[in-house]
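The values are calculated or read from the model by the stated rules, or taken from the named source; none is laboratory data. In this text, all values refer to a predicted model and were calculated from it rather than measured experimentally. Counting neighbours? That spans all protein chains shown, and the Cβs are built from the backbone with ideal geometry, glycine included. Note: areas computed on protein heavy atoms with side chains; ligands, DNA, RNA excluded. Shrake-Rupley method; radii C 1.70, N 1.55, O 1.52, S 1.80 Å.
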Amino acid sequence: MLTAIVLIDADAARIPEVAAAIADIRGVSEVYSVTGEVDLIAVVRVREHETLADVIADQVGKVEGVVRTQTYIAFRTYSQHDLETAFALGLED
């Protein structure tokens, strides 16, 4: 599974509509409205590298109201949930 974090600048008057349209795109697992230098952050999860271009460049980037995107590809996940799963031995006390 490949994960990409997409920072999105949007037309300020259309942020809720842009977020909803992006959330409806297959491969987008979450969209967050955030504070800071960008308006939205989307998390994209796909199985194949080639699908990233389809989802991000061909769909997210073309949503009406999207001004600019900046994409980061995740190499590893270090969330507590994932670490617990990775090291679970399945032994009962």
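The residue pairs whose first member lies in the stretch 47-75 and is more than 12 Å from I25 (Cβ to Cβ) and in contact (Cβ under 8 Å) with a residue 24 or more places away in the chain, whose second member is open to solvent by 60 Å² or more (accessible area, probe 1.4 Å) and in a helix (DSSP H, G or I), and whose beta carbons are closer than 6 Å, counting only pairs six or more residues apart or on different chains, are G65/R14.
Per the listing I22, I8, the residue uniquely in contact with a Lys or Arg (Cβ under 9 Å, 6 or more places away or on another chain), on the phi < 0 side of the Ramachandran plot and surrounded by 17 or more Cβ atoms within 10 Å (Cβ to Cβ) is I8.
When the stretch 56-75 is limited to residues that are assigned to a helix (DSSP H, G or I) and within 11 Å of V6 (Cα to Cα), the one that is least open to solvent (accessible area, probe 1.4 Å) turns out to be V60. Filtering the stretch 35-50 to residues that are within 18 Å of A74 (Cβ to Cβ), assigned to a loop (DSSP other than H, G, I, E, B) and open to solvent by 50 Å² or more (accessible area, probe 1.4 Å) leaves R47, E48. Residues of the stretch 25-34 that are open to solvent by 70 Å² or more (accessible area, probe 1.4 Å) and either of a type in the set (S, T, N, Q) or not in a loop (DSSP other than H, G, I, E, B) (or both): Y32, S33.
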